[in-house]
1. Condition check: of a type in the set (A, V, I, L, M) and either surrounded by 23 or more Cβ atoms within 10 Å (Cβ to Cβ) or touching a strand residue (DSSP E or B) at 6+ places or on another chain (Cβ under 6 Å) (or both). Does B:Ala167 satisfy that?
2. Give the residues of region B:107-136 that are part of a loop (DSSP other than H, G, I, E, B) and in contact (Cβ under 8 Å) with a residue 12 or more places away in the chain, sorted by residue number.
3. Looking only at region B:43-52, decide whether some residue is assigned to a loop (DSSP other than H, G, I, E, B) and closer than 12 Å to B:Gly211 by Cβ.
4. Does any residue of region B:37-48 turn out to be more than 10 Å from every other protein chain (Cβ to nearest Cβ) and among the aromatic types (Phe, Trp, Tyr)?
5. Under the condition of being part of a strand (DSSP E or B) and within 14 Å of chain B (Cβ to nearest Cβ), which residue from region A:3-41 is modelled with the lowest pLDDT?
6. Return the residues of region B:1-18 that are within 12 Å of another protein chain (Cβ to nearest Cβ), surrounded by 15 or more Cβ atoms within 10 Å (Cβ to Cβ) and out of contact with any helix residue (DSSP H, G or I) (no Cβ under 8 Å at 6 or more places or on another chain); say none if nothing qualifies.
7. Just need a number here: residues in region A:401-411 that are surrounded by 24 or more Cβ atoms within 10 Å (Cβ to Cβ), under 21 Å from A:Lys276 (Cβ atoms) and of a type outside the set (A, V, I, L, M, F, W, C).
8. Identify, please: which residue in region B:170-200 is among the hydrophobic types (A, V, I, L, M, F, W, C) and assigned to a loop (DSSP other than H, G, I, E, B) and is, among those, surrounded by the most Cβ atoms within 10 Å (Cβ to Cβ)?
Amino acid sequence: MLALPVLATSPSFADDAGTPAQAYGGFTTSATATPLRVELYEPAIPIPADPQLELNFSFTHVEGASGPASKARVSAMWPGSPVGEGLKTFVTQLGLPEQLAANGYPVQANAQSPGDPSTASQEFFPGMVGRASADDTGAVARTGYGLSGKVAGDDDSGDDDSDSAASSNAAGAGGLLDALKGGDLSALGSLLSGGSQSHADTSADSGNPLGALGLLVDPGGMSSSSRTSYTADSVTSVATSQLGVVRLLGGIVQLDGVTVTSKSTSSLGGATTKPKVSFGGLTIAGTAFKFTSDGIEAAGSTTAIPGLSDSPLKALEQLGISIDLTQPAKEVDGETASSSIAGPTVTIDTQPVLKLLSLDKLPLADLINKLPDSAGQAKGLLLAALEAHPKIVLKLGQVSSSAQTIAPVTFDDGGTTPAPSTSPTPAPDTSTGTGGTGTGDTGDLGSGAPDATAADQPAPVTADITPTSAVPGLPPLGSVPGMLVLGAVALAAGVGWWLRNGIAAVFGGGASCPHGLPSGLPDLRKV
Amino acid sequence: MAVPILEAVGVRAAYGRIEVLRGVDLRVPKGAVVALLGPNGAGKSTFLKVVSGQMEQTAGDVHMAGVSVRGAKPEELARVGLTTVPEGRSVFPNLSVEENLTLMSYAGVPAPQVLDTAYSYFPRLHERRYQLAGTMSGGEQQMLALARALCSDPALLLLDELSMGLAPLIVEELYDTVAQIAQSGVSVLVVEQFARTALRISDYAAVMTGGRVVATGEPEEIRSIMADVMLGGAA
């Protein structure tokens, strides 16, 4: 029912090339990118979403649909739709002043078309600007910043510098590595809690948005862009996340120049999607590695990460920390394509870590109880949070994109028959060697443009109408088989009616309501 | 006592493990305007979703004209005369006003009749009939949503936060139209966070907090106890 109006307002692009491009009837497309996504899973948090909390740093999102309607959003820190869109509800529920959310979530800029504004920008904080724009041909959102004024692609991520940086980081993390090899878990605990480890201080000074978690993941700079565009015959969406130097686990693992891209394109000829992750380099415990198609390669041989014994990883497992390279999710189905991918993912089960942090020794409950009673619900939540042990997932370079087009509904001169969406009839075995499209698609989706080889094609279906009674598969109406078919249809209708209406009465369905009222659907207009 | 067009008995509903409705009892007499008031998060919109079949209750029953409609689908309820105007208007932003209205002809009412009905209630929509709905003001979009609902010939109209994000003058104007609709015999259940305007046109009112109806009565009665109830005094 909604398809027709959608089709009626599909974009009418000029076919400037004069080629018989197969214009689609409608489309949807979207792209989302965030270089650093933090997910928090804690069922005790009363937010009806999974994960319960999320933070997307340098977040960009665009979407487009038939119309064309375009939207773009950029945010330095997007808390996900439940909180970002419904901040006012949460503020009210927590008993906080409504003025806090009077204008919605503040750290974002949005653009839309049709509507206002079609372009928007915001300087979230000095050095970080987000820009969003939307028009009839697409939407773009982009933002980025460097924690130390350097973003991905800056010169200091070059080989020489990164090697020296890796060495210094490895040196800084050497104590931690040695301790973990020796099975001393308290070393990481003291680091996380801001102990004497010098690198922890350095990390904190760098302004890492993750605070104490910055020791586990320290992104040196990040940027993202999401873009979608529509042409006469195809739609494309691209999401890109870039990170500069990423240090994991206090510098034990260092990734240089992480770029994650997802690109989806759709046209009536089909759809494609391509997720891609690339790292400039990888350093583990001071040893440089590189990624190849066979895995991680060091000193010319593919090994299971030489120089790094199992003990640190096992020790980290005991701490509830794991690092994974996630597999891309990719789906292509006809004219629909979508993919999502992320770089390395760090998962932290905080239960063992919180024990190491010795939070129970801090007077947090006393501090929370000192909050005014007017923030009663917030107090309750904070106290509950002390008992919580959430799972935290840090995803580096999360991107996703999707694109879908659908064929237009066309009518022949008779005005009744929709055009087929693809070519269901077998292509005639010709060897004309015209070097045409090469796609093997013989279905003309109603563009009306006569092909140069039209004379060789079978005559149009409308010129060769076959009597209904002669259509293979259906018996003549007056024949015995025909009567049997009609009888079977009538019997099926009768059984269907009985199942719908009679069975309720037989099994007491007419009085299924515990209040003794009948069940059904009354015509409210006639009561 | 006449059978109410809508009666909720002990309706409970939840989003996953979070129970939002904790036993809602409410009656809407035929031809009446009932205002369901309450603070943000009280469960009002969830209740409308249950009544309109968009969400299944976990316990309790919804009766319409003395018949249990448990398990009925939204489209089935719409077909028998239940119409919802959701929060946020949900107009098609890329279609013109006239195209938005013409869509309603797919429900079976001829397009000219749909347009006549809409423009007679809201002459301003006629002035804007070729304008894209997405480019109209919030008040005009709400008019369009309401007009579209009227074109389905409703017997029971559910209005969710009609005043959301609108200027007070526009809200007054919209509620005047709701009163006019009610006079034509349509039963109306208005869910509102801002009580004053809704109470002005209501025959009855109920206050909901924490997933329960904590007070019902005549508008004057509710107005006098509103502050106490909303702040938890009657809970």
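1. no
2. Result: B:Val109, B:Phe122, B:Arg128, B:Arg129, B:Tyr130, B:Gln131, B:Met136.
3. Among the residues of region B:43-52, at least one is assigned to a loop (DSSP other than H, G, I, E, B) and closer than 12 Å to B:Gly211 by Cβ, which makes the answer yes.
4. Checked against the condition, which is being more than 10 Å from every other protein chain (Cβ to nearest Cβ) and among the aromatic types (Phe, Trp, Tyr), region B:37-48 yields at least one hit.
5. Result: A:Tyr41.
6. Correct list: B:Val3, B:Pro4, B:Glu7, B:Val9, B:Gly10, B:Ala14.
7. Initially, region A:401-411 is screened for residues surrounded by 24 or more Cβ atoms within 10 Å (Cβ to Cβ), giving A:401-403, A:405.
Remaining after also requiring under 21 Å from A:Lys276 (Cβ atoms): A:401-403.
Among the residues that remain, those that are also of a type outside the set (A, V, I, L, M, F, W, C) are: A:401-402.
Qualifying residue count, region A:401-411: 2.
8. B:Val186
The values are calculated or read from the model by the stated rules, or taken from the named source; none is laboratory data. For clarity, every value in this text was computed on a predicted model and none was experimentally measured. All Cβ positions, even for glycine, are placed from backbone atoms using ideal geometry, and neighbour counts span all protein chains on display.
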